[in-house]
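See below for the structure under consideration.
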Amino acid sequence: MAAPQQVHVRAAPLARALRTRVAAAAASASSPERALLGLSEPDLRQLAVDLGQQSYRGKQLHDLLYKSRAKQIQEFSHVPKVFREALVGAGWKVGRSPVHHAVTASDGTTKILLKLEDNRLIETVGIPVDDDKGPSRLTACVSSQVGCPLRCSFCATGKGGFARNLHAHEIVEQVLAIEETFQHRVTNVVFMGMGEPMLNLKSVLEAHRCLNKELKIGQRMITISTVGVPNTIKKLASHKLQSTLAVSLHAPNQKLRETIVPSAKSYPLEALMDDCKNYFLETGRRVSFEYTLLAGINDAKEHAEELAELLHTCGGGYHVNLIPYNPIQGSEYKRPYRKVVQAFVDALEARKITVSVRQTRGLDANAACGQLRNEFQKNPLLESSPSSEPNLVPA
């Protein structure tokens, strides 16, 4: 029996152009502020020693950041004034951003806009699940970039343009903002907000470490989402995280996927599925496939049958999460009827595919990715800044 042919992914012109634009944006971006948020206790102990303090002062900083949740160095009342002044003098900040706007839907879903150091806005969403005693689970949906360069046709974030990658502390602070808003501990984190996490993998992994080690959120309670960026799934697998990988598929074949996800031109579906198979084999973690149902586009029974066939040819360990489209202003896409969604589910289950339908949350709070941010910001919030097309930023 002949060995299966190996799929080689060659970077298409679109992918090369994306990397070039992303690199240019990274080079032009201002240097990241020296943020204490995101640092581990050993890092903070070393910082204390470097600034002429005893090591235990670093432990105090750790408590102030992750227990007391201090937002400014001036609030560090438990450490000597000379240490506070040394931190400020060395250019350190806590790394917390103010809330620019917040809106809550009737179901309790709350979307927050944070105003970053450079006056750009990012979204983060808190999604509570309540029982008789109050919130039993609180999920933070966090952004990894300011905007997104991939511009999927149905996504509000892409329509709002792209500016830069987020630093690790700017990801972590979103979770803290959700906890403060709800006065409840975040139990789950999903990297499904603005941006493509795999294009900012370094900061995403740093933030993942902090969320797990400093905020004590279990790795299995964290999901990292991607639409698919060549060579990054293998890199993520090498870290052997116990978190879930969620791949935004949205179509059962390459031709249709390219119309919905333009970046798919640089990453053939066959190669993407092969990388997902290898991810499962290397990590032992089931891959979840996100599939946004667009009325009349990808929601037919035939699409479900083709999707099932695609998954079966790639082995096991998969789960499909169906997402009925969350309408956005100015989009030609429509939300499918409930009976169409159920028919899609039935077709998958009949072919032994594990499937769930995501409950749509926050419809009256512009909770679809990028919607609220687009209402408030097209360009940086600088009064005298001329408008310009945002640069694309790489990891």
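The values are calculated or read from the model by the stated rules, or taken from the named source; none is laboratory data. What you see is a predicted model, and the numbers here were worked out from it, not measured in a lab. Positions of Cβ are generated from backbone atoms using ideal geometry, with glycine treated the same way; all protein chains shown enter the neighbour counts. Note: areas computed on protein heavy atoms with side chains; ligands, DNA, RNA excluded. Shrake-Rupley method; radii C 1.70, N 1.55, O 1.52, S 1.80 Å.
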Test: residue in segment 153-169 that is touching a Phe, Trp or Tyr at 6+ places or on another chain (Cβ under 9 Å), of a type outside the set (S, T, N, Q) and open to solvent by 20 Å² or more (accessible area, probe 1.4 Å): yes
Pairs where the first residue, in segment 333-350, is surrounded by fewer than 17 Cβ atoms within 10 Å (Cβ to Cβ) and the second is basic (Lys, Arg), C-beta under 6 Å, 6+ apart: Ala343/Lys301
Flag for Pro13 being outside the structural domain of Gly315 (by the TED database), modelled with pLDDT under 95 and of a type outside the set (S, T, N, Q): yes
Those residues of segment 185-208 which are open to solvent by 30 Å² or more (accessible area, probe 1.4 Å) and at pLDDT below 95, in sequence order: Met192
Check on Tyr318, modelled with pLDDT under 90 and either at negative phi or surrounded by fewer than 18 Cβ atoms within 10 Å (Cβ to Cβ) (or both): yes
Any strands (runs of 3 or more DSSP E) falling wholly within segment 68-152 and containing at least 2 residues that are open to solvent by 40 Å² or more (accessible area, probe 1.4 Å): 99-104, 121-131, 134-141
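Residues are listed down the side, and each one gets a yes or a no for (1) in contact (Cβ under 8 Å) with a residue 24 or more places away in the chain; (2) farther than 26 Å from Pro262 by Cα; (3) more than 13 Å from the chain's Cα centre (by Cα):
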| residue | (1), (2), (3) |
| --- | --- |
| Leu199 | yes, no, no |
| Ser203 | yes, no, no |
| His208 | yes, yes, no |
| Asn212 | no, yes, yes |
| Leu215 | yes, yes, yes |
| Arg220 | yes, yes, yes |
| Val227 | yes, no, no |
| Pro230 | yes, no, yes |
| His239 | yes, yes, yes |
Residues (within 16 Å of Thr283 (Cβ to Cβ) and of a type in the set (Gly, Ala, Ser)) located in segment 181-224: Gly218
Sole residue being crowded, with 22+ Cβ neighbours inside 10 Å, of a type in the set (Asp, Glu) and in contact (Cβ under 8 Å) with a residue 24 or more places away in the chain, chosen from Asp299, Asp274: Asp299
Top-ranked residue of segment 172-196 - restricted to ones that are among the hydrophobic types (A, V, I, L, M, F, W, C) and part of a loop (DSSP other than H, G, I, E, B), ranked as nearest to His101 (Cα to Cα): Met194
Residues that are under 20 Å from Thr313 (Cα atoms) and in contact with an Asp or Glu (Cβ under 9 Å, 6 or more places away or on another chain), drawn from segment 232-255: Ile233, Lys234, Ala246, Val247, Ser248, Leu249, His250, Ala251, Pro252, Asn253, Gln254
Selection from segment 310-339 of residues that are assigned to a helix (DSSP H, G or I) and either hydroxyl-bearing (Ser, Thr, Tyr) or under 19 Å from the mean Cα position of the chain (by Cα) (or both): Thr313
Exclusive hit being over 29 Å from Ile122 (Cβ atoms), at pLDDT 95 or above and among the basic types (Lys, Arg), set Arg69, Arg45, Arg96: Arg45
Residue in segment 241-271 that is most open to solvent (accessible area, probe 1.4 Å), counting only those that are without any contact (Cβ under 8 Å) to a residue 40 or more places away in the chain and more than 15 Å from Glu196 (Cα to Cα): Lys255
